[in-house]
Amino acid sequence: MNEDRRARLWNLVVEHAGGKTTTVGHVCAAAISAAGVDAAAVTVVLDASPRETVHASAQLAADMSELTVTLGEGPDAVLDSPCLVADLEAAEHQRRWPVYGPAAGAAGVRAVFAFPLRAGGVAVGVMCLYRAEPGNLNRDQLSDALVLADIVLALLLDTGRDLQPSLDGRWSEQTGPWHPEVHQATGMLTVQLGVTAAVALVRLRAYAFSQDRRLSEVAKDVVARRLRIDGSEPTP
């Protein structure tokens with residue numbers, strides 16, 4: 001049965017590829033239809049720097065991925081095991097993610113399903129599915145999502161760091177890191193503050209959080225020298 005499921009889902013991915021080389025984006029498209037969700041994103045883990053989004057099916061998915069990076073919280077913030085949130089407005093989830101929950105709701109997301117991508121004991125990234133309406137994945141949808149997450153992991157391991165971000169046809173293609181300014185600003189802060197890259201990223205996040213701004217926007221100001229962070233910002 002598992003092999004039948006995998007074969008069916010792989011055929012669905014190939015169908016979305018339309019004869020082109022299969023990518024993470026095609027797997028996400030298959031996940032959206034198989035799991036009955038509205039958007040999907042895949043991010044990879046980078047050492048001492050923010051996770052990088054390698055695919056987002058729509059602007060909503062890209063915004064949600066950046067929200068997690070900025071706040072450091074959310075269902076996809078911890079990469080240990082799947083985190084299935086049927087209703088972000090439920091009291092238990094509002095307590096768990098007091099900032100992320102309301103922000104996601106304001107963006108139009110009510111349900112989030114995060115599937116860590118792990119190779120052995122190593123976290124490679126996460127595939128996250130977003131739904132505008134509350135509701136659990138049913139048994140078949142969950143099983144399909146788990147198989148598709150495995151396919152995403154296989155593609156990431158196969159392509160490695162050469163993988164480039166891809167967007168669907170609704171908005172323009174991009175190449176290279178989505179937010180290179182975040183990496184640049186992190187590097188600048190390591191020198192200015194005399195701290196490690198990890199601590200510099202925390203400072204960037206803290207400032208973005210305290211000013212209710214996106215991490216990428218703050219990073220652009222730092223790189224352009226319109227903003228200097230002195231290291232006294234509270235941790236979010």
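We did not get these values from a lab; they are worked out from the coordinates using the rules stated. In this text the structure is predicted, and so the values were computed from the model without any measurement. Don't worry about glycine lacking a Cβ; one is built from the backbone with ideal geometry, like all the others, and counts go over all protein chains shown.
Looking at the chain, identify the longest residue range that excludes and avoids all GluC sites (Glu not before Pro) in DSSP loops having at most 16 other Cβ atoms within 10 Å. The longest uninterrupted stretch comes out as 1-88. Note on Q211 and D150: the model spin-label points, each 7 Å out from Cα along the C-beta direction, lie 4.6 nm apart. Each of M64, M188, M127 has some number of other Cβ atoms within 10 Å of its Cβ, and from fewest to most they run M188, M64, M127. Calculate the FRET efficiency for K20 and Q184 from the Cβ-Cβ distance with a Förster distance of 35 Å, rounded to the nearest 0.05. Efficiency computed from Cβ-Cβ geometry: 0.60. Each Cα pair under 8 Å and six or more residues apart adds its separation to the average, and for the stretch 180-223 the resulting relative contact order is 49 percent. Counting only Cβ charges, +1 for Lys and Arg and -1 for Asp and Glu, the dipole size of the chain around its Cα centre is about 400 debye. In this simple spin-label approximation, L142 and Q59 carry label points 7 Å from Cα along the Cα→Cβ vector, and these lie 3.4 nm apart. Calculated from the alpha-carbon coordinates, the chain shows an Rg and a Dmax of 17.9, 58 Å respectively. Need one number: nm distance between label points at V195 and A106, each 7 Å from Cα along Cα→Cβ, rounded to one decimal. It is 2.5 nm.
The 3J(HN,Hα) values that the Karplus relation (6.51, -1.76, 1.60; θ = phi - 60°) gives for the stretch 58-73 are, in residue order, 7, 4, 4, 5, 5, 5, 5, 5, 5, 4, 5, 5, 5, 8, x, 9 Hz. Gly and Pro appear as x. The calculated 222 nm mean residue ellipticity attributable to helices in the chain amounts to -15000 deg cm²/dmol, summing -39500 (n - 2.57) over DSSP H runs of n ≥ 4 and dividing by all residues. Comparing L157, L129, L67 in a Gaussian network model of the chain, where Cα atoms under 10 Å apart are tied by springs, the biggest mean-square fluctuation is seen for L157. When the chain is treated as a Gaussian network with alpha carbon springs shorter than 10 Å, the biggest mean-square fluctuation among T23, T190, T70 belongs to T190.
Can you tell me what share of the DSSP beta bridges in the chain is antiparallel? A percent to the nearest 5 is fine.
Antiparallel: roughly 90 percent of the beta bridges in the chain.
Along the stretch 93-106 the Karplus relation, 6.51 cos²θ - 1.76 cosθ + 1.60 evaluated at θ = phi - 60°, assigns HN-Hα couplings of 7, 5, 6, 6, 10, x, 9, 4, x, x, 5, 5, x, 5 Hz to successive residues, with x for each Gly and Pro. In the stretch 56-152, Cα pairs under 8 Å separated by at least six residues give a relative contact order of 26 percent. Each 5 Å bin from zero holds the following percent of Cα-Cα pairs in the stretch 180-223: 5, 29, 36, 23, 7, 0.
Output the relative contact order of the chain, whole-number percent, from Cα pairs under 8 angstrom with separation of 6+ residues.
So the answer I get is 20 percent.
Residues considered: A31, A200, A107. Largest GNM mean-square fluctuation over the chain, using C-alpha springs under 10 Å, is found at A107. Of R110, R228, R131, the sequence from fewest to most neighbouring Cβ atoms within 10 angstrom is R228, R110, R131. Cβ-Cβ distance of L157 and R5, R₀ of 22 Å, FRET efficiency by 1/(1 + (r/R0)^6): the value works out to about 0.55.
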